[in-house]
Structures are given as structure tokens and as C-alpha cells.
Amino acid sequence: MKQIYFVSFGCQMNVLDAELVLGDFQRSGYRRTDEMRHADFVLINTCSIREHAEDKVWSLLGRARQLKEAKPHIKLGVMGCMAQRVKDDIIRRAPHVDLVLGTSNFRSAVQDLQDIDAGGGRILRTEKRPDPEFLPDADRNVGARPDRFRAYVTIMRGCNHACTYCIVPHTRGPEISRPLDEIMVETRALVADGVREITFLGQNINTYGQDLHPQRKHTGEICTLLEEAAKIDRLDRIRFLTSNPFDMTEGMMRRFGSIPKVMPWLHIPAQSGSDAVLQRMQRTYSVAQYHEVVGWARKHIPGVEITCDFIVGFSGETEEDFEATKRLVREVGFMQTYVFKYSLRPKTLSARRLPDDVPEDVKSRRNVELLAVQDAMAVERNKRLIGKRVEILIEGISKSDDSRVTGRDHSNRLVHCPGDSSMAGLMAVVEIEEAGAHSFIGRRVALEDEPGAWTYRSTSFGDAPAPTAR
Ligand code: SAH
Ligand code: F3S
């Protein structure tokens, strides 16, 4: 049996792409190995979002080169955003790489590898096809999931926005939506295979479907998609990512809130709390508009929790701008914030027009400070949950304590409670006893179907009682 050593970096979309390509190798009889030196094929799924992510890949390529010198039969492949962005550099700087596959081309990996084995030579595929039927999501091996009970489904790839710092439109191309019926076929197949929670993925799900029906141009196709998915029996939970502050309407929030299976959690990246910085980022909303969107969410989605991304140290960010960002974090009360130091990406609009003028040590300090503001605020906020009951979908044994299991509640909070591995995939009602900045510990009140469990089940969709924590 042939073995593949596979490493993946980056976002949720990359996690899914990893699953797609590994599913193909599994179908073709490959086994995954944890040891690079045992592999016949080494494949790296790359990320370009920050320079650091690319540095890690270069160093891994260095390690693979040494291995290949000792065992020349090993083949080496690079896929994903970095393969797309710096294909020429890879070809030139890393002559030991046999296969380079861009963000739309990686599903040919198995065939390409056979061709290389048969005839030698290197293969480079990075063309982007602006057509849904060439998206790499077709014919998914649904059984190859790393998680038995939760899965990602792509609803669109690429991005039409032009946030000045961002490399994604360059590496993943313009927005292409997948047809609704295709998405539903894939979702049903996953649910038939035991999935209870689906997260729909897109760079900006707010505009899902607009490219499929350019003549209509109406908003809210994403809501239609969620309503369709909610009709699938035995699918219990629906999430989606990313809902940006732009292209969002109050009507869309109202529809999200009216679908019981759509979980009360939204990832709404703000990036900055300063209008001047937002303008330089070309985010197309103001801080006031951001607050308005959060207000719609809280009005229409009971119990909603919001998570957020921020970039610190963007071009021209002053102490005052940064104070405004801290204020936004305190005022909104996010469940979690992800903070990134601005990393200049070649060929982005900001790389061309705006100096990377905040010193590295200032970026680092702001990063730490903003996380401290978030954590202090979250610790206070999370205490309110002590004594309350939440429902979690148990994922498995907790990483930090093997007498506990871990799951996420409706609002995507991380919750630990006593349990064992036989409970994976079940819902449990947990009464929260301890609250930290990032997770909760509680007492298990009831497992699914035991007395005390919530009757909220997919089979009763439509008349499910609102869970008490919502
Ligand atoms: N719309 C996408 C954005 C992907 S990038 C989505 O689905 O969320 C994820 C996050 O990385 C962004 O929200 C931003 O906070 C951060 N990021 C993007 N480009 C960056 C850069 N050049 N430097 C630092 N952080 C960046
Ligand atoms: Fe990037 Fe902005 Fe699109 S952050 S992915 S250009 S919405």
C-alpha cells in the first residue's frame, strides 16, 4: 500500500480542501502516514494569508528536499494558495518539487502523480476556471471526513471584495457560487453518513448566489439555502462562515433568526475600530455601521454570540486608532476575537499604495494588548453563564483531561463536562459551573434521550421548543 504524508496550513477552506484531496488518495488505495520518511508522496496544502504561513512551508520544503536526496523515489507536491501565488518561485527555488497545484486544480492530484510516476517530469497546474462546474468540490468522498459528526460544505469560492491588505482575491480568484441543488446533494450525503452539524463555507456568504443569477441581483440567496438545508431530516445544526459586515441586511438577519436549526453564532470580522483605518483597508463600512449590523443580529437571533477578526498595525494605525479598536472590543462584547499583526502581501493594493509603517514591536504589543482586553472582557461576560444550561454536541475526549468530554453549544462555546468516548456524537445538556475566557466546565445534566435532555431534535423541526439558553 502506498503512503501519503500530508500537511495542511490555513483556514477552514483549506481544512475542507485537505479532506477532499485526502479522500481522493484514500479512494485510490493510499494510506496516510505521520512520518515523512515513510511516505511515497509528500503533499503540502499551503496558506498565503500572512508571510509567516509561507515561511513555514519553505522550511518544510527544505526538510523534504533532504529526505528526497536520500530517497529519490519520493514525490513531492505543493497545493493551495501559496502554490497559486508563487508557483514560479517554487518551480525555480525548489527543483525537488514534482507537482504544483493551484486553488482550483488540486483534485487532479492522484492522476497527476500517476502521470509523473509513468513518465517523469514535473506538473504545474494553476489555471483558474470561472465556472461553477470546475470548482474542486464535485464527487466528494463523504466517508473521508476527519470528524464523524461535523462537516464543512463549500457554497462559494473566491472573493469579489478588494480589502487592500488581502491576498485571497488574488489566490482564490473571483466569487463563484455553487448551484443550490449540488450543495444540497452533498449535504444530504453527509447527513446520511452521520453528520449532525454542517458549516457552510464562503469568503463572504452574504452574496451567495448573486453570480448564478446576475439578472435578479436580489439579496438573501444565502437565507434560501439555509432554509433548504434546514429541511434535511437528522441534520441538527447549521452554521456558516464568513458573514461580513458588508452586503448584510436586517432582513437577512431576521431570516437567520427564524430558522431554528441555524445556530446563534456569527463570525463578523471588524478588522479595526477606527474609521480612518477601515477606509484605508477599503472595508466599505464605518464603525457605526458595524454596530448597526451587530444590533440587527442581537435583535433577531436570540442568544447570538459573535466572534471577530482584527488586524493590528495596519498602515498608518496610530495609538488613537488602536484605542478605538480596544473600545469596539469592549463595547460589542465578542465571544472570541482573533488578532493578526498586519503582514504586507506582495501585489495587494496596500502593498502598492500604503507603507507598512508600524514597527514590528508595536504590532506585537498591540496584538498582546488587544487579546488582553478581549480576555478580561470575556471572563466577566462568561460568568453570566454560570448556573445556566446549554446543549452541546459531544466531539470526544477533552484534550486536557481524559475524564471529560468536549463539545460546542449552540453559540459555538467550547464546553467540557464529565464523560467518556462512547458519548461522541451525542447531544448533552450541561449546567455550567466554571467559566474561563475561552471555555467552560459544567455538570452533565442529561445525555440525549435521557430524562432532562432537550426535546429540540431535527425530526421535530418547525415545532422545536427554543432551547433555554437561546
Ligand atoms: N473573508 C475571509 C477572510 C479570510 S482571511 C473569511 O472567510 O473570513 C482571515 C483573516 O485574516 C481576516 O479576517 C483578517 O483579519 C486576517 N488577514 C487577512 N489578510 C491579512 C494580512 N495581510 N495581514 C494580517 N492579517 C490578515
Ligand atoms: Fe479578503 Fe476582504 Fe475578501 S478580507 S477574502 S478581500 S472580503
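Couple of notes before you dig in:
- For the residues 171, 199, the requirement of being more than 11 Å from ligand 1 (Cβ to nearest atom) and of a type outside the set (A, V, I, L, M, F, W, C) singles out 199.
- Filter pass, residue 192 being away from ligand 1 (no atom under 16 Å from the Cβ) and either modelled with pLDDT under 95 or assigned by TED's automatic domain parsing to the domain that holds residue 408 (or both): no
- Scanning the stretch 81-99 for any residue that is within 21 Å of residue 119 (Cβ to Cβ), touching an Asp or Glu at 6+ places or on another chain (Cβ under 7 Å) and not charged (D, E, K, R) turns up at least one such residue.
- Residue within the stretch 256-269 that is in contact with a Cys (Cβ under 7 Å, 6 or more places away or on another chain), within 16 Å of ligand 2 (Cβ to nearest atom) and assigned by TED's automatic domain parsing to the domain that holds residue 337 present: yes
- The criterion of at least 2 residues that are open to solvent by less than 30 Å² (accessible area, probe 1.4 Å) is met by the following helices (runs of 4 or more DSSP H) wholly inside the stretch 6-99: 12-27, 51-70, 81-85.
- The set of residues in the stretch 276-294 that are closer than 16 Å to residue 323 by Cα and within 14 Å of ligand 1 (Cβ to nearest atom) comprises 277, 278.
- Of residues in the stretch 234-246 being touching a helix residue (DSSP H, G or I) at 6+ places or on another chain (Cβ under 6 Å) and either modelled with pLDDT under 95 or of a type in the set (D, E, K, R) (or both), the one least open to solvent (accessible area, probe 1.4 Å): 236
- Residue list for the stretch 380-406, filter: in a loop (DSSP other than H, G, I, E, B) and charged (D, E, K, R): 384, 388, 399, 401, 402
- Strands (runs of 3 or more DSSP E) lying entirely in the stretch 104-222 (those with 2 or more residues that are in contact with a strand residue (DSSP E or B) (Cβ under 6 Å, 6 or more places away or on another chain), more than 16 Å from ligand 2 (Cβ to nearest atom) and open to solvent by 40 Å² or more (accessible area, probe 1.4 Å)): 123-125, 150-154
- Every condition in (1) modelled with pLDDT of 95 or more; (2) small (Gly, Ala, Ser); (3) over 19 Å from residue 17 (Cα atoms) holds for residue 62 except the one numbered (1).
- Subset of the stretch 415-437 [under 13 Å from residue 385 (Cβ atoms) and under 28 Å from the mean Cα position of the chain (by Cα)]: 415, 430, 432, 434, 435, 436, 437
- Meeting the requirement of 1 or more residues that are farther than 30 Å from residue 170 by Cβ and open to solvent by 30 Å² or more (accessible area, probe 1.4 Å), the helices (runs of 4 or more DSSP H) wholly within the stretch 274-379 are 287-300, 319-332.
The values are calculated or read from the model by the stated rules, or taken from the named source; none is laboratory data. As the structure is a computational prediction, the values presented were derived from the model and not from experiment. Cβ coordinates were reconstructed from backbone atoms using ideal geometry, including for glycine residues, and neighbour counts include every protein chain displayed. What goes into the accessible areas is simple: the full protein's heavy atoms, side chains included, and nothing from ligands, DNA or RNA. Shrake-Rupley method; radii C 1.70, N 1.55, O 1.52, S 1.80 Å.
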